[in-house]
Amino acid sequence: MANTPSAKKAVRRIARRTAINKNRRSRVRSYVRKVEEALNAGDRAAAEAALKAAQPELMRAASKGVLHRNTASRKVSRLARRLKTLNA
């Protein structure tokens, strides 16, 4: 257990950051899930709208360090590719 003032402060700071990152990760997953559901339903218009909303959310998570930049780019790329093949 932390017993110095600086260690106690570090524990509080880590807890705060963890909560924020958890919330951001959850938001990203929700946006990606909406795209996945639209793609699986075959609804091109909804999938395009969902992807347009999910892309900035993924990049924001990458810029904040929640996701790696390449991971976010890969997710966007794969979703866009799936959207392109839908009703092609």
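Please treat every number below as a calculation from the coordinates, not as lab data. All of these numbers come straight from a predicted model, not from anything done at the bench. Note: ideal-geometry Cβ built from the backbone for every residue, glycine included; neighbour counts use all protein chains shown.
Entry remark, region 59-81: residues being in contact with a helix residue (DSSP H, G or I) (Cβ under 9 Å, 6 or more places away or on another chain) and either more than 21 Å from ARG24 (Cα to Cα) or not in a helix (DSSP H, G or I) (or both) number 5 in total.
Evaluation of TYR31 against the conditions (1) touching a residue at least 24 places away in the same chain (Cβ under 8 Å); (2) loosely packed, with under 15 Cβ neighbours inside 10 Å; (3) part of a helix (DSSP H, G or I) shows that the sole unmet condition is (2). Between ARG44, ARG81, ARG16, the distinction of being among the charged types (D, E, K, R) and surrounded by 11 or more Cβ atoms within 10 Å (Cβ to Cβ) belongs to ARG44 only. Among the residues of region 1-11, those identified as exposed (fewer than 11 other Cβ atoms within 10 Å of the Cβ) and not aliphatic (A, V, I, L, M) are ASN3, THR4, PRO5, SER6.
For GLY65, the conditions (1) farther than 15 Å from ARG82 by Cβ; (2) more than 16 Å from the chain's Cα centre (by Cα); (3) surrounded by 11 or more Cβ atoms within 10 Å (Cβ to Cβ) all hold with the exception of (2).
Which residues, counting only those in region 48-58, are closer than 18 Å to LYS22 by Cα and either part of a loop (DSSP other than H, G, I, E, B) or over 8 Å from the mean Cα position of the chain (by Cα) (or both)? Result: PRO56, single match.
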